[in-house]
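This report concerns only the one structure given below.
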There are 2 protein chains.
Amino acid sequence: MLSFRVTARDGAARRGVISTPHGEVDTPGFFAVATRGALKGLDPEPARATGVQALIVNAYHLHLQPGGESLARLGGLHGYLGWPGALATDSGGFQVFSFRHGQVADEIKGRRRTAKDEESAEAVKVDDDGVEFRSYLDGARQRFTPESSMALQRDLGADLLMALDECTPFHVPAKYTEQATDRNARWAARCRTEFERLGMAAGQALYGIVHGGVYPELRRRSALAVTGIGFDGYAIGDCLGQTKSDWYGIVDQVTPLLPEDRPRHLLGVGEPDDLVEGALRGVDTFDCAMPTRVARHGHALHPGLPRFRLDLTAAAMRDDPRPPLEGCDCRTCARFTRAYLWHLFHAHEMLAISLTVEHNLRYTARLLERVREAISSGTLLREKEALLSTA
Amino acid sequence: MLSFRVTARDGAARRGVISTPHGEVDTPGFFAVATRGALKGLDPEPARATGVQALIVNAYHLHLQPGGESLARLGGLHGYLGWPGALATDSGGFQVFSFRHGQVADEIKGRRRTAKDEESAEAVKVDDDGVEFRSYLDGARQRFTPESSMALQRDLGADLLMALDECTPFHVPAKYTEQATDRNARWAARCRTEFERLGMAAGQALYGIVHGGVYPELRRRSALAVTGIGFDGYAIGDCLGQTKSDWYGIVDQVTPLLPEDRPRHLLGVGEPDDLVEGALRGVDTFDCAMPTRVARHGHALHPGLPRFRLDLTAAAMRDDPRPPLEGCDCRTCARFTRAYLWHLFHAHEMLAISLTVEHNLRYTARLLERVREAISSGTLLREKEALLSTA
């Protein structure tokens, strides 16, 4: 079982340490997203040196390739990835169901669904037993059940495992969300049972996920069901609404329903302001692909700018001798100019992406270091603006 | 002026040290090719840790973007690239003329020239003054002269500069190669004069290039002309023939015509066996894009295999728990399996390329370390097979 100890409190916010068999995660902390087992082009060694203490990888993608059995024979994910630190796997439910429901980005951008999308949706069949889908690699039919997801995640060998769940989007009827919430609770219980039955490696831990979409009554029902089963930690998942204030409300409602002595993870959230707002509401860990994903488009995280992004591909960067972020202690800012990164992005040199990923991870890790210090000082709310507007 | 001292001899082979204002290059040594200022996705810090002590970047590409003046304002290439070590620029003549003559690869593979190729060729106009071409970025007409090339390379600020030259391919008539060889000699003299006139930064050095294609008489004529002008070092350039024994013959003929006390560089050659064969013939430094280029296609350098390449994308790698090269001391082989690299290549993760570049550079650097030791022991010829068949 996972050890978690709270070392300081500041209102609803708390500072602590999660101990895993592969090292500690200081909380509030960040899980960098290595979907298929890599942080874009960044070597895990400098990634770890940024201060990011944990990775989360995607069980669905690794199931399709190279496969859980192959990974088990190779000794599991830690060695495979060259990542000696804490490691989580998500169940892959989100990815499977995104074919059924469409991508979150489509929903936000109001994209129409095409015939091909409908075909993908048709290919995903959910019933009480589990979910069936087609591999995007070879078209083969695949099935995830709570039991098979546990076996897969055991084979992958991460420290933190996630229960299999269906993540419902905003646009489905409330009735659908209700049915999914209840089914997710039944799946959570089966995951817990199978997790025990399989005899996990010492210290492997399982997180349950709170569902219920934007409906307070469903959130409450889910939180009670999942905490009733009992998990090593709790993730807040499912649809968090359409605006930031939607998810603030959901987290405000849910965290008091979770046990004080267990870590709380907020799934898929990690913009700089989100990290501070989440911490203020008692969230312990976050994961988000944003810091690595936006690097690909030339965006370096930077305080005080719209959406916290500096566009390194903009014409103004061409002759700018400053580092991406003045005062930043990352290895990219210590060595390179905006001008060089502008050039690398325009020359389509992949080094541009690795260097920007490194900066973005360091920015995220440092922001959380400052959040932890503010919690210890009891000043998180007061320092919020300063944390987001300065390096 | 560049300092070069020979510390050991073994037949025609020699071991030595080139001292530049930015550090030493042990010879026989290798210049890694960072065409546009990056080694694919590999950070310069681990690149340097492989033992590769020098980079060569392309003045032509950096002229088009970001431009010599922009780079001069930014303080030159060393800071821009984050490379504190020895740095060379080639003049870019090779790139300009490759539009005129077609790529070497086309020649080797017997590709037919297309109408578009002919148009590119038309767009390159050479006369005694210099060469005119169109930017591949914006179509603007550009002109290189020996004088403008020196000004550009001074602005770039590398330690070793190359004279502007036309590199003739195998398929042109002997008469064309003769005319080009003589024109290159006149350009070399103008480069030398302009190099002196511009007042280079302390320690910047200029290499002359020996031409003459596959014609011994022209090689002799070019070597005499270029050494008569006098340079800090000498590169063997132009067409080296179609087979390895062609270039062995050219190098065998040319090196005795070059001053003993100046370093000799063999342009564009760097396969493992080429490094040993070149060293045996008295070559001091090499540059070649191969170790970085083949990494992109999933090829890890490996002794004793056809063309010294292990195909990490091959099906047999999928479950192979071994490092790319057993016994290799690179950071990639110390941490990762063939299975993981297979997965990363098939998942189109760019980290696959960075990690393979790092291995290939370390392989190349270590081979040359062993070559240097063999020279000191007086056993290079005897050890040739062992150097190429073991790690």
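Taken together, the values in this text are just the output of simple stated rules run on the coordinates, not laboratory data. This one's a predicted model, so the numbers in the text were calculated from it and none came from an experiment. Using ideal geometry, Cβ is built from the backbone for each residue, glycine included, and neighbour counts are taken over all protein chains shown.
Observations
- The mean count of C-beta atoms from other chains within 10 Å of the C-beta of residues in B:127-138, rounded to a whole number, is 0.
- Region B:126-196-region A:212-279 distance, computed between alpha-carbon centres (Å): 66
- For chain B, diffusion coefficient by Stokes-Einstein and Kirkwood Rh (Cα), 20 °C, 1.002 mPa s, µm²/s: 100
- Cβ-derived FRET efficiency at R0 56 Å, A:ALA315 paired with B:GLU196, nearest 0.05: 0.90
- Listed residue pairs exceeding 22 Å between alpha carbons, taken from A:LYS40/A:LYS125; B:LYS125/B:LYS175; B:LYS125/B:LYS244; A:LYS40/A:LYS244; A:LYS125/A:LYS244: A:LYS40/A:LYS125; B:LYS125/B:LYS244; A:LYS40/A:LYS244; A:LYS125/A:LYS244
- Peptide ranges A:234-245, B:370-381 listed from the most packed, as the mean C-beta count within 10 angstrom indicates: A:234-245, B:370-381
- Segments A:2-12, B:254-264 sorted - mean Cβ within 10 Å per residue, highest first: B:254-264, A:2-12
- Nearest-20 debye value, the protein assembly as shown charge dipole, Cβ charges on Lys, Arg, Asp, Glu: 60
- Average other protein chain Cβ within 10 Å of Cβ, residues B:36-49: 5
- Projected label distance in nm at B:ALA391 and B:PHE170, using a 7 Å step from Cα toward the beta-carbon: 3.5
- Share of pairwise Cα separations in region B:166-233, more than 19 Å, in percent: 35
- Based on DSSP H segments of at least four residues, each scored -39500 (n - 2.57), chain A has a per-residue ellipticity at 222 nm of -13500 deg cm²/dmol.
- Point-to-point label distance, A:GLN142-B:THR227, nm (Cα→Cβ direction, 7 Å offset): 6.5
- Remark: region B:3-288 carries a charge dipole of roughly 120 debye about the Cα centre, counting +1 on each Lys and Arg Cβ and -1 on each Asp and Glu Cβ.
- Shielding of peptide A:148-154 by partners, expressed as the average count of other chain Cβ atoms within 10 Å per residue Cβ, is 0.
- Space enclosed by the convex hull of the alpha-carbon atoms of the protein assembly as shown, per residue, Å³: 167
- Hz values of 3J(HN,Hα) by residue in region B:61-78 - Karplus curve (6.51, -1.76, 1.60), Gly and Pro given as x: 5, 6, 5, 5, 7, x, x, x, 5, 4, 5, 5, 4, 7, x, x, 5, 4
- Binning all Cα-Cα separations of region B:314-388 at 5 Å, short to long from zero, yields these whole-percent fractions: 3, 15, 22, 19, 14, 11, 9, 6, 2, 0.
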